[in-house]
Amino acid sequence: MSQKNPQLQLDGTDKEILRKLMKDARTPILEIARKIGISGAAIHQRLRKLEQSGLITGSKYVLDPKVLGYTTMAYIGVYLDKAMNHPEAVESLKKIPEVLECHYTTGNWSVLIKVLCRDNAHLMELLDKQIQAIHGVSRTETFISLAQQIDRQIAL
């Protein structure tokens, strides 16, 4: 297992490579190499170093959920009746495919989850039959996202 380095130093070339790949991970390495003036082998070495440091954790294709018929995005604050129910509740949430993210939070909720549903009826069914049925969930607070305004990663 590689050791993560919190003091990782990125130079300008590393940042330029990462910016191009963050914009489009399918950009050919040789195209990037030509644009920034180094060899493809040098880029591969730098990427390997960044992967080993833990900075790069993978690459993925991003699906448009609307094309699949999922049009309702919601954030749900989940109140648990006891702190000791956190691990069990999170394990139950992991089994629900519509749950995309789960965060322990400060403030009123025990956890905040992000869900994706086909429509509002699907969201209501998800809340009633799955999320609120989890042992330890005392109540939920739901916020429907009308439109995502910003979608980005940390800037380099």
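The values are calculated or read from the model by the stated rules, or taken from the named source; none is laboratory data. What you see is a predicted model; the values in this text were computed from it and never measured. Backbone-built Cβ (ideal geometry, glycine too); neighbour counts: all protein chains shown.
Remarks
- Residue list for the stretch 79-127, filter: more than 15 Å from T140 (Cβ to Cβ) and in a loop (DSSP other than H, G, I, E, B): K82, K95, P97, T106, R118, D119
- Filtered residue count, the stretch 38-63, keeping only those that are exposed (fewer than 13 other Cβ atoms within 10 Å of the Cβ) and either outside any loop (DSSP other than H, G, I, E, B) or modelled with pLDDT of 95 or more (or both): 5
- Answer residue from the stretch 60-94, given it is of a type in the set (F, W, Y) and in contact (Cβ under 8 Å) with a residue 24 or more places away in the chain and is farthest from L146 (Cα to Cα) among those: Y79
- Of all residues in the stretch 82-132 being touching a helix residue (DSSP H, G or I) at 6+ places or on another chain (Cβ under 9 Å) and among the small types (G, A, S), the one that is surrounded by the fewest Cβ atoms within 10 Å (Cβ to Cβ): S92
- Being surrounded by 15 or more Cβ atoms within 10 Å (Cβ to Cβ) and out of contact with any helix residue (DSSP H, G or I) (no Cβ under 8 Å at 6 or more places or on another chain) is a property that G77 has.
- Residues that are over 21 Å from D24 (Cβ atoms) and of a type in the set (D, E, K, R), drawn from the stretch 38-65: K49
- Across the stretch 9-29, the qualifying residues are those that are in a helix (DSSP H, G or I) and among the hydrophobic types (A, V, I, L, M, F, W, C), and the one among them that is surrounded by the most Cβ atoms within 10 Å (Cβ to Cβ) is I17.
- Only listed residue being within 14 Å of T72 (Cβ to Cβ) and among the β-branched types (V, I, T), chosen from V90, V111, V115: V115
- Candidate set: the stretch 133-148, residues that are farther than 17 Å from M84 by Cα and not hydrophobic (A, V, I, L, M, F, W, C); chosen: the one surrounded by the fewest Cβ atoms within 10 Å (Cβ to Cβ): Q148
- Within the stretch 1-37, the set of residues being at pLDDT below 90 and among the hydroxyl-bearing types (S, T, Y) comprises S2 only.
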